[in-house]
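S.K.: Quick one: the structure is below, and I'll ask about it shortly.
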Amino acid sequence: MLLVTGATGNIGRELTRELTAKGARLRVLVRDPARATGLPERAERLVGDLNEPATLTPAFDGVDKLFLLTPGIRIDHTALAVAAAEAAGVSRIVHLSSFNVLGDPMPAMGRWHHEREEIVRASGIPATFLRPGGFMTNALDWVPTIREGNYVLDPVGRGRYAPIDPADIAAVAALALTEEGHQGKEYVLTGDEMFTVTEQVRLLAEAIGRDIEVREAATLAEAVKSRFPHGAPPALADAITEGFTLMRADTVGFRTDTVERLLGRRPRTFADWCARNADAFRQPATA
């Protein structure tokens, strides 16, 4: 039995499809059953919350392998999930971390993920750590300004990076969960195309069939506010600002060939992602 946390997110939904295609016995942990719409029918659904340890016991009962994704900046969710995994006798964890743990010095976003990795390691459960770079789905943060004003705020200027499709992260996770030889490994995952924000927006504009203006963010605080219009916790806002600063300074970019080595194919392209998600940018804003 495989348990997937974060099953209703960008990676989790793709992972449930991958695992179902492999014929795996699958259970998903969801806080809100209504959000589980569209997950594979074969997946057993258990309602639970990483904030409430008592709900984790039935969710982890009989589970052999765990995909562990804990969003946000908190560490306790990881500790509670790992404790439940230990109690249930889970034999393998595939843990979603971040390439930010490789920073020297390590940025705040990396420190949170590093602490989570250390919790998993301390459990003694054989684990695989996935360390992706920026997600292609981060472009969905542009939806409000594209719908409302046909523009994108650019906080990183000439900075370049190699975004990865969450579907590729899911494919690697499925491999690590269902095949041997991945325990103890740390996989740094990126796409294989390097972009500035302007170059990404150009591809997106082609996909949706109209020009999109790129505006340089006047301040990094403006960019954070655009991403979190209702506000972000100060620690998260500071970490995102730090991340934008580091990205702006990196005009070369960073990429790996890990996806191709593991999956035997090149990573999905951003143009393909845009084509599959173009409707999200075309739909008018709702009141």
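The values are calculated or read from the model by the stated rules, or taken from the named source; none is laboratory data. Bear in mind the structure is a predicted one, so any value in this text is a computation, not a measurement. Quick reminder, even Gly has a Cβ in these numbers, built from the backbone with ideal geometry, and neighbours come from all protein chains shown. Heavy atoms of the whole protein, side chains included, go into the accessibility calculation; ligands, DNA and RNA do not. Shrake-Rupley method; radii C 1.70, N 1.55, O 1.52, S 1.80 Å.
S.K.: Find the residue count for the stretch 246-262, including only residues that are part of a helix (DSSP H, G or I) and either of a type in the set (D, E, K, R) or open to solvent by less than 70 Å² (accessible area, probe 1.4 Å) (or both).
M.R.: To start, the set of residues in the stretch 246-262 that are part of a helix (DSSP H, G or I) comprises 246-249, 258-262.
Narrowing the set further to residues that are either of a type in the set (D, E, K, R) or open to solvent by less than 70 Å² (accessible area, probe 1.4 Å) (or both) leaves 247-248, 258-262.
Within the stretch 246-262, residues that are part of a helix (DSSP H, G or I) and either of a type in the set (D, E, K, R) or open to solvent by less than 70 Å² (accessible area, probe 1.4 Å) (or both) number 7.
S.K.: What's the number of the only condition in (1) open to solvent by 70 Å² or more (accessible area, probe 1.4 Å); (2) of a type in the set (K, R); (3) not in a helix (DSSP H, G or I) that R27 fails to meet?
M.R.: Looking at each condition in turn, R27 falls short on (1).
S.K.: Exactly one of these conditions fails for S91: (1) in contact with a helix residue (DSSP H, G or I) (Cβ under 7 Å, 6 or more places away or on another chain); (2) under 18 Å from V4 (Cβ atoms). Give me its number.
M.R.: Evaluating S91 over (1) in contact with a helix residue (DSSP H, G or I) (Cβ under 7 Å, 6 or more places away or on another chain); (2) under 18 Å from V4 (Cβ atoms) leaves (1) as the failure.
S.K.: Among the candidates V63, V82, which residue alone is in a loop (DSSP other than H, G, I, E, B) and modelled with pLDDT of 95 or more?
M.R.: Numbers: V82 fails: in a loop (DSSP other than H, G, I, E, B).
After applying the criteria, what remains is V63.
S.K.: Please give the number of the condition R116 fails out of (1) without any contact (Cβ under 8 Å) to a residue 60 or more places away in the chain; (2) over 16 Å from G243 (Cα atoms); (3) open to solvent by 30 Å² or more (accessible area, probe 1.4 Å).
M.R.: Unmet for R116, out of (1) without any contact (Cβ under 8 Å) to a residue 60 or more places away in the chain; (2) over 16 Å from G243 (Cα atoms); (3) open to solvent by 30 Å² or more (accessible area, probe 1.4 Å): (3).
S.K.: Considering only residues that are open to solvent by 40 Å² or more (accessible area, probe 1.4 Å) and either aromatic (F, W, Y) or in contact with a Lys or Arg (Cβ under 6 Å, 6 or more places away or on another chain) (or both), which ones fall in the stretch 76-111?
M.R.: F99 - this is the single residue of the stretch 76-111 that is open to solvent by 40 Å² or more (accessible area, probe 1.4 Å) and either aromatic (F, W, Y) or in contact with a Lys or Arg (Cβ under 6 Å, 6 or more places away or on another chain) (or both).
S.K.: Only one residue in G149, G124 is open to solvent by 10 Å² or more (accessible area, probe 1.4 Å) and at pLDDT below 95, so which one is that? Walk me through how you get there before you give the answer.
M.R.: Working: G124 fails: at pLDDT below 95.
Of the residues listed, the single one that is open to solvent by 10 Å² or more (accessible area, probe 1.4 Å) and at pLDDT below 95 is G149.
S.K.: Going residue by residue through the stretch 62-69, is there one that turns out to be touching a residue at least 40 places away in the same chain (Cβ under 8 Å), of a type in the set (D, E) and in contact with a Gly (Cβ under 9 Å, 6 or more places away or on another chain)?
M.R.: The first filter runs over the stretch 62-69 and keeps only residues touching a residue at least 40 places away in the same chain (Cβ under 8 Å), leaving 62-69.
Narrowing the set further to residues that are of a type in the set (D, E) leaves 64.
Retained after the next criterion (residues that are in contact with a Gly (Cβ under 9 Å, 6 or more places away or on another chain)): 64.
Yes: the stretch 62-69 contains one or more residues that are touching a residue at least 40 places away in the same chain (Cβ under 8 Å), of a type in the set (D, E) and in contact with a Gly (Cβ under 9 Å, 6 or more places away or on another chain).
S.K.: Could you please give the count of residues in the stretch 12-24 that are of a type outside the set (G, A, S) and either over 22 Å from M136 (Cα atoms) or buried (at least 24 other Cβ atoms within 10 Å of the Cβ) (or both)?
M.R.: Of the residues in that region, 5 qualify.
S.K.: Could you please tell me which pairs satisfy a Cβ distance under 8 Å, a separation of 6+ or placement on different chains, a first residue in the stretch 200-219 that is without any contact (Cβ under 8 Å) to a residue 24 or more places away in the chain and over 24 Å from T241 (Cβ atoms), and a second residue that is of a type outside the set (A, V, I, L, M, F, W, C) and open to solvent by 20 Å² or more (accessible area, probe 1.4 Å)?
M.R.: Close Cβ pairs (under 8 Å, with a partner that is of a type outside the set (A, V, I, L, M, F, W, C) and open to solvent by 20 Å² or more (accessible area, probe 1.4 Å)) amount to A205/D211.
S.K.: Of the conditions (1) closer than 18 Å to A167 by Cα; (2) not in a loop (DSSP other than H, G, I, E, B), L39 satisfies every one except a single condition; which number is it?
M.R.: Status for L39: all satisfied but (2).
S.K.: Can you tell me which residue in the stretch 184-236 is surrounded by the most Cβ atoms within 10 Å (Cβ to Cβ), limited to those that are in contact with a Gly (Cβ under 7 Å, 6 or more places away or on another chain) and over 20 Å from M109 (Cβ atoms)?
M.R.: The extreme case among them is T196.
S.K.: One residue is enough: does the stretch 165-179 have a residue meeting the conditions farther than 20 Å from L69 by Cβ, out of contact with any Pro (no Cβ under 9 Å at 6 or more places or on another chain) and open to solvent by 30 Å² or more (accessible area, probe 1.4 Å)? Give the derivation first.
M.R.: Quick first cut of the stretch 165-179, residues farther than 20 Å from L69 by Cβ only: none.
Within the stretch 165-179, none of the residues are farther than 20 Å from L69 by Cβ, out of contact with any Pro (no Cβ under 9 Å at 6 or more places or on another chain) and open to solvent by 30 Å² or more (accessible area, probe 1.4 Å).
S.K.: Scan the stretch 29-41 and report the pairs whose first residue is within 17 Å of E52 (Cβ to Cβ) and whose second residue is among the aromatic types (F, W, Y), with Cβ atoms within less than 9 Å and a gap of 6+ or a chain change.
M.R.: L29/F60
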